[in-house]
1. How would Ile5, Ile61, Ile148 line up from fewest to most surrounding beta-carbon atoms within 10 angstrom?
2. Among residues other than Asp58 whose Cβ falls under 9 Å from its Cβ, what is the net charge (Lys/Arg +1, Asp/Glu -1)?
3. Give, as a single signed number, the net charge of other residues whose beta carbon lies under 12 Å from the beta carbon of Gly77, with Lys and Arg counted +1 and Asp and Glu -1.
4. Taking a label point 7 Å from the Cα of Arg127 along the Cα→Cβ vector, which residues of the stretch 67-91 have an amide N closer than 20 Å to it?
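Values in this text are rule-based calculations from the coordinates and carry no lab data. Keep in mind the model is a prediction, meaning the values are calculated, not measured. Neighbour counts run over all protein chains shown; Cβ positions are idealised from the backbone, glycine included.
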Amino acid sequence: MSVRIAGSVAVLLVGLAVAGCQSPSYMGLQPPMPTLDEARGNVATNFAYMADNAMLHDMAIADFHFVPHTDELSGTGAARLMRFAKLMNTYGGTIRYETSETDEGLIRRRLEHVREFITSLDCDTDRVELTAAMSGGRGLSAAEAIRIMAQGTVNTLGAEGAAGQAGGGSGPS
């Protein structure tokens, strides 16, 4: 009798082991769809670097980064400045506010609000200039970027840069 029980137990254990080694319950069907975060994972990382390079190229914010007729940042403006704060801590430079506004008071308040916002994000504002001007030029050549990386980053516009120009004026590039 005990041989029969031992044989039954052995067959049961072999059956469980074979069943446990099979594919998941969707065997024969398509695997479940990845979540949106899983699908975006690798692609988002690559696009983040490209977006950073584009932001460093023009170094600009615009009217749509603010709630219309106010100095409050829109959601888009807050997201952009959160990323700018990290980039400015690394590279420094000038953030240009490209605007078609003619109200000098509103322009000044918006620039002050931008400075307050990036300061709240622990951005080293000693390395950041804010000005109302057209967005930056073509960006850096590879040789210039390598030179700057080797010596450290500084604000190249200096005090006489494009400060105080409103309505899309441009300082030296």
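1. Values: Ile5 9, Ile61 25, Ile148 15.
By the 10 Å Cβ count, ascending, the order reads Ile5, Ile148, Ile61.
2. Working: positive: Arg96; negative: Glu98.
Surrounding charge for Asp58 is 0.
3. Values: positive: Arg80, Arg83, Arg110; negative: Asp63, Asp71, Glu72.
Charge balance in the 12 Å sphere: 0.
4. 80-91
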